Amino acid sequence: MVNSNTKGDRVTIRGRVIDGTGAPLKDALIEIWQADAQGLYNSPAEIRGDADPHFTGWGRCPSHMETGEFEFRTIKPGRVPYYDGLLQAPHITFWIVARGINIGLHTRMYFGDEESANAEDPVLRRIEHKSRVRTLIAPRQGDTYQFDVHLQGDRETIFFDI
C-alpha cells in the first residue's frame, strides 16, 4: 500500500475477526479501502484533486492460519467529505469474507485519537445506539491501531449495508 515516497503518517492496523464463541477466524480475508493523507482517493472517480500516486488506497490480507490475526501497514487517512459536504472523520473501510459468511461484510474503523473529528462525523452521528459506536473505534498503541471485528455477541461490530 505504501512505499518510501508515500506521504503521510505511517501506521499499522492489527486485529482479528472474532466469531460468536470468541474464537478468531483463521480463514478470513480482509480487504481495506481508504483515502490518502490529504483525504483523496486513488480512483478515476476522484474529482477533487490528484491523489498521492505512491499510495494504492487499498490492501488485502488473509488472517493468519494459527493466530487469526491480520495486519496492514498503511498511512493515516485524511478527512473526506460526506455526500452533503460535511467532513467525515479519518476512517478505513473494511470488507470481510470467510467460510460461513455468504456475503461480504462491510464496516469501518475510526481512529481512537481523533476524538473531535469522530464526534463531528456524519456517519457516526447517525448511529442510533450510541453505545455501539465504540465497536468502530480502534485504540492507538504507539504507531499501531488494534481493531478486532466481532461477528456476534455483546461486542458485535456495526456492519453497514453498502
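The values are calculated or read from the model by the stated rules, or taken from the named source; none is laboratory data. For clarity, every value in this text was computed on a predicted model and none was experimentally measured. Virtual Cβ from ideal backbone geometry, glycine too; neighbours counted across all protein chains shown. Ligands, DNA and RNA are stripped out before the accessible areas are found, and what is left, the full protein with its side chains, is counted by its heavy atoms. Shrake-Rupley method; radii C 1.70, N 1.55, O 1.52, S 1.80 Å.
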request  = Find which of L105, Q146, T135 sits farthest along the positive direction of the dipole of region 83-162, computed with +1 on the beta-carbon of Lys and Arg, -1 on that of Asp and Glu, about the Cα centre.
outcome  = L105
inquiry  = Roughly how far apart, in whole Å, are the Cα centres of region 60-131 and region 40-58?
reply    = 18
Karplus (6.51, -1.76, 1.60) ³J(HN,Hα), θ = phi - 60°, over region 56-65, in Hz, Gly and Pro reported as x = 6, x, 7, x, 9, 8, x, 6, 5, 5
ask   = Quick one: Karplus J couplings for region 7-12, per residue in order, coefficients 6.51, -1.76, 1.60, θ = phi - 60°, nearest Hz, x for Gly and Pro?
value = 8, x, 7, 6, 9, 10
query = Placing +1 at every Lys and Arg Cβ and -1 at every Asp and Glu Cβ, with all other atoms neutral, what dipole size does region 28-143 have around its Cα centre, in debye to the nearest 20?
reply = 380
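Taking the Cα centre of region 37-84 as origin, work out the dipole magnitude from +1 charges on Lys and Arg Cβ and -1 charges on Asp and Glu Cβ, in debye rounded to 20.
On the way: 5 positive and 7 negative charges, 24 e Å.
Here region 37-84 has a charge dipole of around 120 debye.
Where only protein heavy atoms count, and the probe is 1.4 Å, what is the accessible area per residue for the chain in Å²? Present the calculation step by step, with values, prior to reporting the outcome.
Details: 9000 Å² over 162 residues.
Roughly 56 Å² per residue, with all protein chains present.
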ask   = Carbon and sulfur together cover what percent of the accessible area of the chain at a 1.4 Å probe radius?
value = 49
query = Which order, highest average first, do 65-76, 30-41 follow once you tally other Cβ atoms within 10 Å for each residue and take the mean per peptide?
reply = 30-41, 65-76
message = I'd like the Karplus ³J(HN,Hα) series for region 120-135: coefficients 6.51, -1.76, 1.60, θ = phi - 60°, whole numbers in Hz, and an x wherever there's a Gly or Pro.
response = 8, 4, x, 6, 4, 5, 7, 6, 5, 8, 4, 5, 8, 4, 4, 5
